[in-house]
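Everything on this sheet refers to the single structure shown next.
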Amino acid sequence: MTGTNIYNALHGGNLLQAFTMLQTKIDSLGDWQLQQDLETARNTYATMLTYMAQGMEDPDDTKIRQDIIRQAYALNDRANLGIRLRKTPNDKYCQAVKQSRNETFALTEVQTALETINKQTTQLATATNTRESIGRHKREQLAEQHDMLAGQLFGHTWASTLWTSSTYSQYAEFISNPNISTADKALTISAATLAAFELFDPQKLMLLMDAYLDTEADISQRALVGLLLLLIRYDKRIKHYTAITARFNLYIENRQFVADCFQALIALQYSKLTDTVSEKMTNDIMPAILKSQRYMKSSVIELDAELTKNGENPEWHHDTKDDDKAERKIHQMTEMQMEGADVYLSSFRHLKSFAFFTSIHHWLSKFSFDYPDILQTTNNIQPNVFSVVNALLDTAPFSDSDKFSFICMLGTIPQQGHDVIASQISSQLEDAGIDEIIETGKKPQRSAKATLRSYIFDLYRLFKVYPYHTQLFDPFNKQLNNFSPIYTTTLQPLLDNKEETMNMAEFMMRKGLYADALSLFSNLKPIEREQDADIWQKIGFCQQKMRQPEAAMATYIKAHKLQPGSMWTIQHTAQSAFDAHDYNTALEYTEMTLETDGDNPKWLGRKAECLFALERYSETLPTLYKLAYIDENSERTKEMLAWGQLMNGATDKAEKIYTELENNNPSVKNTTNLAHILTIKGKTKEATELYRQAYKAAKDEHEFNHNFWYLKDYFGKMGINPERMQLIYDVVISSANA
């Protein structure tokens, strides 16, 4: 029996079934402590059932039962971890767990050590009487000590199982300690998040809620992303942890928290588009830019060229057409980037093989030069080059992980090449008016939104590019649904906010996720959408895109009643009604369109099509004559006029038009239609010859068959006997194959 079956039993509250399956799983492990804990939980539940059978009421029944369910979940988690350690002892997480169990780790001691290093680093940075060589050596020593402690802290936090209240308090104190750097706090938040992905721990979720309240964006945004991903991961389970749900619902009363949640969910949703964006960057945008000589001086583009070409310089051939195309692609890339797309993964994913990235904590570290590998590279860079590189990293929209990649890449380029890169970057930064950053070294403040996106990009790189990523629980891969609150019970209270729900629905709609957008629009309270024509328009549009024409038509009609003057609504109602084969409604709204745009060929044609469908043939001719006058060269218009003449009994006029079409543009369709006219006029021999010509011109029998029988439903009205047509068809086919 699998863990999934146990989870399903627990999700449904079926403890007896869960206990039976747990017994089998735990027996296979031979873990005495697990067996004893399971027996204790079973006995507690059995006692509870006995008291109930005897009619003894306990006001705490529900509370006790919830506690037993939580115990059963925890037992299953511990059993699964035991099985994993036995089956895959060498995967990175299992190694971290085993190492953590074999080493003594005291968070308070690590905290004290990090405080000391942070203080010494600050003092070193402000010291004015320290010799450069001594200062550099001291900085390298501090960097090595810090990196070792950071890795140790990350590893033990990631490998930690269920925290006690005491452990939780220690971590909460660590996060709130003003003497610990923001970078160390942020990394610890990430480690706690990864730990909870692997093994559910309510105390870690509570820590993330604490950390969200931090004033530092690097801490609060990481905590928020981790919290949302974990609430999604454990949605069916969370309901049994009332402390978590109660606190989350309390947070939802804060409008800023709701706005932050939606912003994070939209950014997470963008991660689902990353592969598509990367493919477009690799196969479309970058090739167009790399062909244009004009953009050689752009720092970001030059960087992408360097990365995508592995440092090799392409041969450039100047062409103004290339420049124009590159201009459009640059604009397109900028728009994608500003909206939140991860446009640089395709370039940086190949730069994650440096030794720096063998340590998992480096993937989620906040960018700093104070890492041994990074210092080693930057120490070999001239000061003037370093200031330019620093300015680029402060202003370019790269994630922290990608900034590390950039520095590692510089370490592979000969020193003489640094000046060339610096010159190109400096020129672009000056053009952008950012030369002050180069001069002063003053870092611009990164917004909370940019911090959020950068962190999600780094998470995505860890779970997709890290060499051992398949050994990790991947929240992006496991999340089969989109990142919408509609799919997660715990997050659904967020939908009470109309403005944020609308923003996300519109985002989903822009990205072509019409089912999700429709769910969000439909979730709005009736009073919030009753008198809002704009909302009804958007609901109708989603229904139309989902090929629900009847529903779309009804919705558009509601929107039209609320806002009668909207031509957009009128035209979309006409189209939906036509698609729904409600030709009376389609005609009504088409004529509304023609009232303001009476010479529009598209809508004149649509009016004729509606009249044809309603078999009001005599009414089609005035419309068709007007259409033919306005759009005289259109083959489609001529076909419609010929059809109108034919259905009104003017066979000769129809034949004249079809003959003209056949002479000017021979095709299987035109030849077949002309043959039909001859058949109507009783000229069977001539018609059969034309049918043979059409058959020979067709690419296959299916094309001929389609055109021959296309008007089958109208043969009777055209005065053609369908059975006779079958005979003619058989004559054509048999003679062609003879």
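The values are calculated or read from the model by the stated rules, or taken from the named source; none is laboratory data. All figures in this text were calculated on a predicted structure; none of them were measured in a lab. Cβ atoms come from the backbone with ideal geometry, glycine included; neighbour counts cover every protein chain shown. Surface accessibility is based on the protein's heavy atoms, side chains included, excluding ligands, DNA and RNA. Shrake-Rupley method; radii C 1.70, N 1.55, O 1.52, S 1.80 Å.
Provide the convex hull volume over Cα atoms per residue for the range 466-526, in Å³.
Cα convex hull per residue, to the nearest whole number: 104 Å³.
If a paramagnetic tag sat 7 Å from the Cα of T215 along the Cα-Cβ line, which residues of the range 176-206 would have the backbone N under 19 Å from that point?
From the range 176-206, the list is 176-186.
Where the centroid of each part is defined by its Cα atoms, how far is the range 215-254 from the range 94-109 in Å?
Between the Cα centres of the range 215-254 and the range 94-109 lies a distance of 27 Å.
Compute the distance in nm between two label points, each set 7 Å from the Cα along the Cα-to-Cβ direction, one at T126 and one at S735.
In this crude label model, T126 to S735 measures out at 10.2 nm.
If the limit is 30 Å between Cα atoms, which of K236/K366; K696/K717; K25/K352; K366/K478 go over it?
K236/K366; K25/K352
Got a number for the accessible area of R606? Probe 1.4 Å, square angstrom, nearest 10.
Estimated to the nearest 10 Å², R606 gives 40 Å².
At a Förster distance of 60 Å, what's the computed FRET efficiency of E115 paired with N8, Cβ-Cβ distance as r, to 0.05?
The computed FRET efficiency comes out at 0.80.
Rounded to the nearest 500 deg cm²/dmol, what is the calculated helix-only ellipticity per residue at 222 nm for the chain, with -39500 (n - 2.57) per DSSP H run of length n ≥ 4?
Taking each H run of at least 4 residues, the total per residue is -22500 deg cm²/dmol.
Please state the Cα pair-distance histogram of the range 590-686 with 10 angstrom bins from zero: what percent is in each bin?
Going from the shortest bin to the longest, the percentages are 17, 45, 30, 8, 1.
Need one number: nm distance between label points at S353 and W568, each 7 Å from Cα along Cα→Cβ, rounded to one decimal.
4.9
Any aspartates and glutamates with Cα under 20 Å of the K525 Cα? List them, leaving off those in the same chain fewer than 8 positions away.
Of all the aspartates and glutamates, those that pass the test against K525 - Cα under 20 Å, at least 8 places apart if same chain - are E253, D496, E499, E500, E506, D516, D534.
What percent does the relative contact order of the range 531-666 come to when contacts are Cα pairs within less than 8 Å and at least six residues apart?
It rounds to 13 percent for the range 531-666.
Using a 1.4 angstrom probe on heavy atoms only, work out the carbon and sulfur share of the accessible area of the chain in %.
Whole-percent figure for carbon plus sulfur exposure: 49.
When the convex hull of the Cα atoms of the range 621-662 is projected onto a plane and the area is averaged over all directions, what value comes out in nm²?
2.5
Counting other C-beta atoms within 10 Å, and keeping those with at most 15, which DSSP coil GluC sites (Glu not before Pro) do you find in the range 629-697?
E632
Let me check I've understood the local charge: for E253, count other residues with C-beta under 13 angstrom from its C-beta, Lys and Arg +1, Asp and Glu -1. What total comes out?
Net local charge, E253 excluded: +1.
Filter K607/K669; K638/K699; K607/K681; K626/K653; K498/K538 down to the pairs with a C-alpha to C-alpha distance above 26 Å, please.
Beyond 26 Å between Cα atoms: K607/K681.
On average, how much accessible surface per residue is there in the chain, in Å², for a 1.4 Å probe, leaving out ligands, DNA and RNA?
48
In debye, nearest 20: dipole of the range 626-728 around its Cα centre with unit charges on the Cβ of K, R (+) and D, E (-)?
Here the size comes out at about 220 debye.
Could you work out the Kirkwood radius for the range 118-183, taking every pair of different alpha carbons, averaging 1/r and inverting it, reported in Å?
About 14.1 Å for the range 118-183.
What does the convex hull of the Cα atoms of the chain come to per residue, in Å³, rounded to a whole number?
265
How many percent of Cα pairs in the range 652-738 exceed 22 Å?
The proportion of pairs with Cα distances above 22 Å equals 17 percent.
Please work out, to two decimal places, the log10 of the ratio I(q)/I(0) at q = 0.17, 0.22 Å⁻¹ from a Debye calculation in which every Cα of the range 9-113 carries one identical scatterer.
-0.87, -1.13
If you add up the charges near D458, with Lys and Arg at +1 and Asp and Glu at -1, over every other residue whose beta carbon is less than 13 angstrom from its beta carbon, what do you get?
Once positives and negatives cancel, what remains is +4.
What ³J(HN,Hα) values, in whole Hz, does the Karplus curve 6.51 cos²θ - 1.76 cosθ + 1.60 give for the range 165-179 when θ = phi - 60°, with x put for Gly and Pro?
Running phi through 6.51 cos²θ - 1.76 cosθ + 1.60 with θ = phi - 60° gives 4, 5, 5, 4, 4, 5, 5, 4, 5, 4, 5, 8, 6, x, 8 Hz.
Explain nothing, just the number: dipole magnitude of the chain about its Cα centre with +1 on each Lys and Arg Cβ and -1 on each Asp and Glu Cβ, in debye rounded to the nearest 20.
For the chain, the charge dipole is close to 1240 debye.
Mind listing the phi-derived Karplus ³J(HN,Hα) values for the range 560-573, rounded to whole Hz, using 6.51, -1.76 and 1.60 with θ = phi - 60°, and x for any glycine or proline?
5, 5, 7, 9, x, x, 7, 5, 4, 5, 4, 5, 6, 5
What nm distance separates the two modelled labels at E632 and S522, each placed 7 Å from Cα along Cα→Cβ?
5.1
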